[in-house]
Amino acid sequence: MIKYDENGLVPAIIQDTQGRVLMMAYMNEEAFNKTLQTGETWFYSRKRKEVWKKGGEAGNIQKVRRITADCDRDTVLIIVDQHGHGACDDDGESYTCFHNLIMSDGPDQSDLLPQREALSWLYANIEDRRRSPKVGSYTNYLMDNGLDKILKALGEEAAEVIIAGKNKDDEELVYEVSDLLYHLLVLLVFRRISLEAVWEELLGRSSLSGN
């Protein structure tokens, strides 16, 4: 299944479910088998000459979701749920080991993925509620009363964001912006406009403006 090098090792690239590369380490056959058997990542330390479990001491374990090999079967890609403070053990603070920036022409799209996934999750829940109505659901109440009701609620939420923006209570502003985002997503679902269309428009504007 896996082609190990002359030292009995194979490089393992570790990536989280949002597409962020967390680290690269080596596995020997024992570490690879332990990863398969336990569902958590194990590696081989070339310095200590021993197999070790990621997060075994610090608690920042990696739960394996998927393992694939490249076309030559001499490198593996492991998708994980990262637990604890992150993958980097050197500084104890960074989520990914690849945090030493050398060159950049702007934010990478992967930097936006966690927030994007959260909005996509909420959009999917609203869409599911539209397909499968539930008694007492506020989302269904808005949908059942049609576009004018949704727009009225959206206008009210926008006004509340403006008021909160004038105040000095950060928690209030976060709360009202969250309400506004929810009502915006209800409108998109009602009009059957995908979030992808919004992402593409925003990314297009970013590339045109150079920001």
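Values for this structure:
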{"item": "Search result, residues across segment 151-165 that are open to solvent by less than 70 Å² (accessible area, probe 1.4 Å) and over 19 Å from Val189 (Cα atoms)", "result": "Ala159, Val161, Ala164, Gly165"}
{"item": "Lone unmet requirement of (1) part of a loop (DSSP other than H, G, I, E, B); (2) loosely packed, with under 14 Cβ neighbours inside 10 Å for Arg65", "result": "(1)"}
{"item": "Residue match in segment 71-91 (condition: open to solvent by less than 80 Å² (accessible area, probe 1.4 Å), at pLDDT 95 or above and not in a strand (DSSP E or B))", "result": "yes"}
{"item": "From Leu22, Leu36, residue being within 30 Å of Glu117 (Cα to Cα) and assigned to a strand (DSSP E or B)", "result": "Leu22"}
{"item": "Enumeration of residues in segment 127-154 that are closer than 23 Å to Val177 by Cβ and polar (S, T, N, Q)", "result": "Ser137, Thr139"}
{"item": "Of residues in segment 98-122 being at pLDDT 80 or above, of a type in the set (A, V, I, L, M, F, W, C) and part of a helix (DSSP H, G or I), the one surrounded by the fewest Cβ atoms within 10 Å (Cβ to Cβ)", "result": "Trp121"}
{"item": "Of residues in segment 1-45 being crowded, with 18+ Cβ neighbours inside 10 Å and within 19 Å of the chain's Cα centre (by Cα), the one nearest to Asp81 (Cα to Cα)", "result": "Asp16"}
{"item": "Scope segment 111-150; condition farther than 30 Å from Gln15 by Cα and touching a Leu at 6+ places or on another chain (Cβ under 7 Å); matching residues", "result": "Lys149, Ile150"}
{"item": "Condition met for Gly55 (in contact with a strand residue (DSSP E or B) (Cβ under 7 Å, 6 or more places away or on another chain), part of a loop (DSSP other than H, G, I, E, B), within 15 Å of Asp81 (Cα to Cα) and not β-branched (Val, Ile, Thr))", "result": "yes"}
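The values are calculated or read from the model by the stated rules, or taken from the named source; none is laboratory data. Small disclaimer: the values here were computed from a predicted structure and weren't measured. Glycine also receives a Cβ, built like all others from the backbone with ideal geometry; neighbour counts cover every protein chain displayed. Areas reflect the complete protein model, heavy atoms only, side chains present, ligands, DNA and RNA absent. Shrake-Rupley method; radii C 1.70, N 1.55, O 1.52, S 1.80 Å.
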